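Working notes for the structure below.
Computed from the coordinates by the stated procedures, all read-outs in this text should not be read as laboratory data. None of the values given here were measured: they were computed from a predicted structure. When we count neighbours, we look across all protein chains shown, and the Cβ atoms used for this are built from the backbone with ideal geometry, even at glycine.
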Amino acid sequence: MNESGFAAKLKETNPDWLWKVVSGKCGSGIPDRCILNKASGKVVWLELKFLQKLPKKHCKIGLKPKQAAWLQQWKDFGGNAVVVVGFAKERKAALLTENFREVAAYGVDVSELQLVEYSSLSFELRKIG
């Protein structure tokens, strides 16, 4: 599986969100997806990253500085922004909702990641905001 396959799997297993591809259409740093919860109307901007396996100690996920800046600015403005990191081998994902610039520059310690099943992503996203 690659990042586009990961995105398709998330869309398939979380049908209560309307998934729209955005990246590459609006400029540098714009997140990959904008999703809308059909029941609540909540909008969340997602940057998707996909790794083949969970590293043992430290995880550099490939978040670019412009992506981190956009997500942080959106969040500081009061919006909902998330980096969703998928791990192929584990078939799980982690949601990062804070310190986007730090994550871009330094990565994240694996001990800080809370992994969820792909199908549980919808529940976790509803908690954001």
Practice prompt. Among G41, V84, L125, pick out the residue whose Cα is farthest towards the positive end of the charge dipole of the chain, where Lys and Arg carry +1 and Asp and Glu carry -1 on C-beta, about the Cα centre.
Written response: V84
Worksheet item: So how strong a dipole does segment 62-127 carry about its Cα centre when Lys and Arg Cβ are +1 and Asp and Glu Cβ are -1, to the nearest 20 debye?
Response: 240
Worksheet item: Roughly speaking, what is the stretch gain from K64 to I128, that is 0.36 nm per residue apart minus the C-alpha to C-alpha distance, in nm to one decimal?
Response: 20.8 nm
Practice prompt. Would you mind checking K42/K75; K20/K42; K38/K64; K11/K92 for any pair whose Cα atoms are more than 21 angstrom apart?
Written response: K38/K64
Practice prompt. Give me the number: length gained by fully extending L54 to E98, i.e. 0.36 nm times residue separation minus the C-alpha to C-alpha distance, one decimal in nm.
Written response: 13.9 nm
Fill in: By average C-beta atoms within 10 angstrom, highest first, the peptides 107-117, 85-95
85-95, 107-117
Worksheet item: According to the square roots a ≥ b ≥ c of the eigenvalues of the Cα gyration tensor, what is the shape class of the chain, taking rounded for a/c under 1.5, prolate for a/b larger than b/c otherwise, and oblate for the remainder?
Response: rounded
Discussion item. Under 16 Å from a point placed 7 Å out from the Cα of A88 along the Cα-to-Cβ direction: which residues of segment 34-57 have their backbone N that close?
Written reply: 49-55
Discussion item. Let me spell out the model: positive unit charges on the Cβ of Lys and Arg, negative unit charges on the Cβ of Asp and Glu, origin at the Cα centre of the chain. What dipole size does that give, in debye rounded to 20?
Written reply: 240
Worksheet, complete the sentence: In nanometres, the difference between 0.36 nm per residue of separation and the alpha-carbon distance of L115 and V43 is 23.7 nm
